[in-house]
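Right, one structure below, let's go through it.
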Amino acid sequence: MTVKMTISRALSVTVFMALFACGNEDNNATSPDMSGGEGKVDMAVVGGEDMSPAEDMKVEQDQGVADAGMEDMSEDMPVDMTSPDEDMAMSDTVTYHKDVKPILNDYCMRCHAPGGQGPIDFSSPNTVQTLGEVILSQVESGEMPPPVADPDCRDYLSSEQLSMDAASKETLKKWVELGKPLGEDDGVPAMAPDSATFDNPDLELRLTEPYVPTYEDEQNPNNEYRCFALEHGQAEKFYITGMHPIIDQSAIVHHVVLAKMSRSNAPADTLTTSGQNCINDMGVLAGDGGSGGMVGAWAPGMDPIEFDGAGIEVKPDEVLILQMHYYADRAENMNLPDQSGYALKIADSVRNPIMLYPLGTHDFTIPAGDDNYTSSDNISIPLGITLWGVFPHMHVLGRSYDMKVEVSGNDQCLLEGPVYDFNNQLTYIYKDPLYIPPGSPISYSCSWDNSPNNPDQINSPPKDVGYGERTDEEMCYMFSYVSIGQRRQ
Ligand code: HEC
């Protein structure tokens, strides 16, 4: 059986070659058509006997080509050659079905599935087998899954699915070393576990009309940042005690930031149905001088946030600003209308009102060409506070960050991001909120890569970059969710 897969031009040459290597070069019908102007490539991937019914539905089959290509391909294909006897003898060996599929389900399928933002669909065992080495190298280099804060510093919500453990990396490595055996199909489909949502949100705020991104920004091809002001419709002040985005088009929604600001300060276009281009932060994230500021940030894989006995205040004259980051790397995703939004849990009052403390440094100039420039600062708060979580924010030159507190002479890690990924911005909500005694010095730092080798570099040649809200300027924020005093249970 031949499976036709549409993949993106954004794929690296390695992936492209690996997928191509299993096609039949003599067979024109399966050759990739690189000449098409639509930015997509049709190519054939050989499917084995163990295609699940779900895969059959997802892929376009071409039986004619299959019959022509199958025999010639069997020789080069790295298919599972183990006989049933050998399988028995190697029952504790590492196989795709037994070991690799569950790992991909946990860490990869939320993006690398049909309709997801990852360019390759990993639901076919043969695709995974063909790409085994590429998958391993992406995992070992830390490129995939996209980097997040280190849960060994302080554990946070959803860390189990966001950050891959060493044992899983070891298993992938062993599987590749063993020649990538598929093993016996246990019938469990390759798919991401349903990401949890609220059963009964109190408020669901969506774009009032579907919006089709235009991807006009020449400096950021295929990317668009759009801000929409959402009216909450509440006559009294309230507290957000839980939040989770409602993602309409998962293929193009890369990350979402939720902020609040007074309606009178909101830029006029954000109040229209088509919103406003907001590649620049517009003061939304850092607060508008009043009570405004960040409420939360989400990227795929993050579960709903729910604060236990705590919440963020929203006033009747404030609007919620939804900043959507759209990214379409495939032609067929270019015209998708999106009507995403946010589901909220709210309460009239909470035991622990949470404020968002915009901890950040403004006083820096990142020298042109420097591939690891660090700015750090520290602060002591004269009150005891409880820290509920942190949202680190830099722009495209961001490289790494960290934050710690010294309590009675001992450093405690608060947040550590060995690799910062602008496309994967998350709010790290602690599993256990941490009490910080009065006067304990909190220090934090941001590092940037302003070299020409940074793939996200905007300036060619690089220029000195200072603080600012535009994407070609930089920020260093550790937006911290704090409540005053010990947590009230
Ligand atoms: C949050 C979404 C997301 C998750 C989770 C994710 N990926 Fe990706 N992956 C992407 C995107 C998007 C790309 C396209 C390249 C890019 O934009 O970085 C990609 C590209 C790739 C590529 C192609 C790289 C190349 O050289 O072209 C491989 C291989 C890959 N991912 C493997 C994995 C594996 C293995 C996992 C799980 C361990 C994983 N990904 C988890 C989003 C994701």
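The values are calculated or read from the model by the stated rules, or taken from the named source; none is laboratory data. As the structure is a computational prediction, the values presented were derived from the model and not from experiment. Cβ placement follows ideal geometry from the backbone for every residue including glycine, while neighbour counts extend to all protein chains displayed.
Descriptive notes on the structure:
- The set of residues from the range 302-333 being outside any strand (DSSP E or B), in contact (Cβ under 8 Å) with a residue 40 or more places away in the chain, charged (D, E, K, R) and more than 16 Å from the ligand (Cβ to nearest atom) comprises 315, 317.
- Matching residues in the range 203-233 - criterion: being at negative phi, under 21 Å from the mean Cα position of the chain (by Cα) and polar (S, T, N, Q): 220, 223
- Condition check for residue 469 on (1) surrounded by fewer than 21 Cβ atoms within 10 Å (Cβ to Cβ); (2) of a type in the set (Asp, Glu); (3) at pLDDT 95 or above: one failure, at (3).
- Residue list for the range 174-214, filter: touching a Pro at 6+ places or on another chain (Cβ under 7 Å) and at pLDDT below 95: 196, 197, 198
- Those residues of the range 140-168 which are among the hydrophobic types (A, V, I, L, M, F, W, C) and either at pLDDT below 90 or touching a strand residue (DSSP E or B) at 6+ places or on another chain (Cβ under 9 Å) (or both), in sequence order: 148, 149, 153, 157, 162
- Elements of type strands (runs of 3 or more DSSP E) contained in the range 395-489, each with 1 or more residues being free of Cβ contacts under 8 Å to residues at least 60 places away in the same chain: 398-407, 410-417, 428-436
- The single condition from (1) outside the structural domain of residue 256 (by TED's automatic domain parsing); (2) within 24 Å of the chain's Cα centre (by Cα) that residue 361 fails is (2).
- Enumeration of residues in the range 149-191 that are under 20 Å from residue 137 (Cβ atoms) and of a type in the set (Ser, Thr, Tyr): 163, 168, 171
- Residue count for the range 94-148 under the criterion of being touching a residue at least 40 places away in the same chain (Cβ under 8 Å), out of contact with any Leu (no Cβ under 8 Å at 6 or more places or on another chain), assigned to a loop (DSSP other than H, G, I, E, B) and more than 6 Å from the ligand (Cβ to nearest atom): the result is 10.
- Residue 415 being under 20 Å from the mean Cα position of the chain (by Cα), at pLDDT 95 or above, crowded, with 23+ Cβ neighbours inside 10 Å and outside the structural domain of residue 147 (by TED's automatic domain parsing): yes
- Per-region count, the range 121-144, residues among the aliphatic types (A, V, I, L, M) and buried (at least 23 other Cβ atoms within 10 Å of the Cβ): 2
- The set of residues from the range 90-135 being of a type in the set (A, V, I, L, M) and in contact with a helix residue (DSSP H, G or I) (Cβ under 8 Å, 6 or more places away or on another chain) comprises 94, 100, 103, 104, 120, 128, 131, 134, 135.
- Selection status of residue 189, part of a loop (DSSP other than H, G, I, E, B), within 15 Å of the ligand (Cβ to nearest atom) and surrounded by fewer than 18 Cβ atoms within 10 Å (Cβ to Cβ): no
- Checked against the criterion of being surrounded by fewer than 18 Cβ atoms within 10 Å (Cβ to Cβ), in contact (Cβ under 8 Å) with a residue 24 or more places away in the chain, outside the structural domain of residue 164 (by TED's automatic domain parsing) and hydroxyl-bearing (Ser, Thr, Tyr), the candidates 374, 386 yield just one match: 374.
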